[in-house]
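Encoded as structure tokens, the structure appears first; notes follow it.
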């Protein structure tokens, strides 16, 4: 099991420092996150590949964002996030395919995104068109030899499973965000493995608390300080045979973010050593 952290591309001029910081703190793997398609150029791919080699940081997955509005709550989020809103679907499909092509230049096979609030009701008139859109993107990735990963959060585990069954592609997978299942009030990450464990290809280690009102997500917390039972989670991961990557995600900024990431690395490394051995 390799424990990593996130690298977020916002400014190419500041990107190298993120690779260096991970290396300085003993990390060897990361997820690479980008929301800006203008950054997905051949020149930037060459530069990033140089940083990967220089600092010995493997990119385990490319987290692909998309343009347009995005609101991280239970109301505006319904009509703004991912491929679910029909108004933004066509353009975001193109962006996900372009992001996958960029990831291929980085030698990355797993492409992650948030799909939005997938309808819980399979008879919802938006469910079938959404699934068709995902299938078209997945086919593009299949031609690239890549997997399309849904990040958990905005849907229940059963809804995600139903969506996979409806789409029927072999290159669909899951980036299980432990904290998101709690923050969105959609489930428990340990129990979720019973539903869709076979699809999990990458993990965000994040912690937090359940929502306390019907409009806003719950509050994120430092790993180990929230409601996620990481010991039970890793025990269940071992039972289902998962032993690849766990990527720490701490969605704050500034010096405290790095402190919390380092704390999470120590906390999770101890658990992994106790449960997996070595």
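Every read-out reported here was derived from the displayed coordinates using simple, explicitly stated rules and does not represent laboratory data. Note that the coordinates shown come from a computational prediction; the quantities given were computed from them, not determined experimentally. Backbone-built Cβ (ideal geometry, glycine too); neighbour counts: all protein chains shown.
Structure above, values below:
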| item | result |
| --- | --- |
| Complete set of residues in segment 53-64 that are within 22 Å of the chain's Cα centre (by Cα) and surrounded by fewer than 19 Cβ atoms within 10 Å (Cβ to Cβ) | 56, 58 |
| Qualifying residue in segment 72-82 (condition: surrounded by 20 or more Cβ atoms within 10 Å (Cβ to Cβ), in contact with a strand residue (DSSP E or B) (Cβ under 7 Å, 6 or more places away or on another chain), assigned to a loop (DSSP other than H, G, I, E, B) and on the phi < 0 side of the Ramachandran plot) | no |
| Test for residue 202: is it buried (at least 18 other Cβ atoms within 10 Å of the Cβ), in a helix (DSSP H, G or I), within 11 Å of the chain's Cα centre (by Cα) and touching a residue at least 24 places away in the same chain (Cβ under 8 Å) | no |
| Residue match in segment 137-149 (condition: without any contact (Cβ under 8 Å) to a residue 12 or more places away in the chain and more than 15 Å from the chain's Cα centre (by Cα)) | yes |
| Residue match in segment 41-60 (condition: touching a residue at least 60 places away in the same chain (Cβ under 8 Å) and either within 26 Å of residue 156 (Cβ to Cβ) or in contact with a strand residue (DSSP E or B) (Cβ under 6 Å, 6 or more places away or on another chain) (or both)) | yes |
| Checklist (1) within 17 Å of the chain's Cα centre (by Cα); (2) over 30 Å from residue 122 (Cβ atoms) applied to residue 238, failing item | (1) |
